[in-house]
Amino acid sequence: MITLFDGILGSFYFLVIMLVGWIYSNQKKGQGKLNYKYYLPSLFIHLFGVTFFCLVYGFYYGGGDSYYYFRGGASLIKYLLTNPFETISVYFYSLENIPPELSYIISWIGKGNSEETFLSMKIASVFSLIGGGGFLSTSIILSYVSFFFNWKLFTTINKAFYIEKVNSPKLHYILFIPSLFFWGTGILKDTYVFIFSSIIIIIFIQAFNIKKIRFLLLKLFLLVVSSYCIISLKPYVFFSFLGSLLVAYYGKIVGANRLLKSNKALGYIFNFIFLMVLIGILFYGFQSFQSEMLRAQKEAIKTLQGFHDWHTKLGGSSYSLGITDYSIFGILQQSPLAFLVTYFGPFPWQINSPIMLLTALESYFYFYLLVIGLRKQGLQLFSLFNKHNIIVFSIIFSIVFGVLVGITSYNYGALARFKIQALPYFLIWLSSYKSLKA
């Protein structure tokens, strides 16, 4: 799976990226930008994380969904080099709509594959082309892209806080999340979703907090593409993400229209439309969540072709919330327990393997931050009032998404992978007890 050439090429990319990162970070630090002291350590830990990920997949697990996506993407590149125009046209088709004369290009896809699998392979093919067709080298290129948007998320939020005189000294924590640099750097749907969701919130923050939008058409294009990809890969992530953003930025969205100050009727109409849009998002989001529940239940009763199944086989990392009613009322009943399991599990009595111990240590650090936050602010830590929009979003999304993945995951291996979308914002929330106006 990882050949000698792939290892050499991957090591070359690793060293080149680190060298360029070292030069770049030193240049920025020389300009007085102190935050760049975190740049090189975070870059290294992302590249190291994906290297470890590939070694585990390649030599211990011997395959899995990551390698399957890569192999499909590499096959597309193979056809691209021999039949460029025909292959490029395949990128604009779904599996069901590919013309018969082009079906040979995707003959390597099994009959049971889904549209999200096909999209994952298309995305992997782009990085495979840049990475020279090796599994390790392709993963390292993707890891750098994941790091880039994680760094961009950090600097964008930091700049928005600075402009509005909000102090958040622990913000750099989001650059060093263990689960993220393992599960959020390899060729996985979770990595793609993290990248695309980061693009959306970066543009959102810049529009409402930084108020200096450059390259508007490019950013609108990125918003459309990112939204489409998240909906195609994991729609419940998109709807929970977008719903949380709209609620958190409601005041600024309404306040952006100057007519509301002088025309109450227009204000009521605008509020009504906004409310209907939000209800629609919640409705479709809940539908996608129920679909995810059905998919998760089917996967739970068969052999899973993913790394999280390895956890279960090693020592039984599965858990049960005892939920049988997946209506809104049934989910709300179990939501506190689902939230606790997502961010603070596995608990000490559930640890029975080294992998679970590492996951638990990370979770205990979150619990430590929660205790500190509660000691400093009490229940005000959960309040949405008198807080920055980014913090309000972080609270809402952390709770909503934490409950959803806690209910759907079934085992801690899968949970460690699914929850990475919310971990940066969960850390922002937990450290927000120091986020006070200067």
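Values in this text are rule-based calculations from the coordinates and carry no lab data. Being a predicted model, the structure only gives us computed values, none of them experimental. When we count neighbours, we look across all protein chains shown, and the Cβ atoms used for this are built from the backbone with ideal geometry, even at glycine.
For every other residue with a beta carbon closer than 11 angstrom to the beta carbon of ASP190, add +1 if it is Lys or Arg and -1 if Asp or Glu, then tell me the sum.
With Lys, Arg at +1 and Asp, Glu at -1, the neighbours total +3.
How much length would be gained if the chain were fully extended between ASN167 and VAL225, taking 0.36 nm per residue of separation minus their Cα-Cα distance, in nm to one decimal?
Full extension from ASN167 to VAL225 adds 17.6 nm.
Determine Rg/Rh for the range 127-233; Rg is computed over alpha-carbon atoms and Rh is the Kirkwood hydrodynamic estimate from the same atoms.
Rg divided by Rh gives 1.00.
Report the relative contact order of the range 52-196, percent, no decimals, based on alpha-carbon pairs under 8 angstrom and at least 6 residues apart.
The value is 29 percent.
What does the charge add up to near SER75, with Lys and Arg as +1, Asp and Glu as -1, over the other residues with Cβ less than 15 Å from its Cβ?
+2
To the nearest 0.05, how large is the calculated FRET efficiency for PHE85 and ARG375 if R₀ is 56 Å and r is the Cβ-Cβ distance?
The pair PHE85/ARG375 has a calculated efficiency of 0.30.
Among the listed pairs LYS165/LYS219; LYS165/LYS387; LYS159/LYS234; LYS376/LYS419; LYS37/LYS170, give every one whose C-alpha distance is greater than 21 Å.
LYS165/LYS219; LYS159/LYS234; LYS376/LYS419
Could you work out how much longer the chain between ILE23 and PHE5 gets when fully extended? Use 0.36 nm per residue separation minus the Cα distance between them, nm to one decimal.
Length difference between fully extended and current span is 3.8 nm.
Only sites in a loop by DSSP and with at most 15 other Cβ atoms within 10 Å count here; which chymotrypsin sites (Phe, Trp or Tyr not before Pro) in the range 335-402 make the cut?
Filter output for the range 335-402: PHE385.
Using 7 Å Cα-to-Cβ label points, what is the LEU216/LEU102 separation (nm, one decimal)?
Going from the LEU216 label point to the LEU102 one covers 3.4 nm.
Stretched out fully, how many nm does the piece from GLN333 to LEU361 gain, at 0.36 nm a residue minus the Cα gap?
Full-extension gain reported as 7.3 nm.
Could you list which residues have their amide H under 5 Å from that of SER318, counting only those 5 or more apart in sequence or on another chain, with H placed in the peptide plane?
HN-HN under 5 Å from SER318: TYR412.
Using only the alpha carbon atoms of the range 324-432, find the Kirkwood hydrodynamic radius as the inverse mean reciprocal pair distance, in angstroms to one decimal.
When all Cα pairs of the range 324-432 are included, the Kirkwood radius is 14.5 Å.
Find the relative contact order for the range 334-423 and round it to a whole percent, using C-alpha pairs within less than 8 Å whose residues are 6+ positions apart.
Reported relative contact order: 39 percent.
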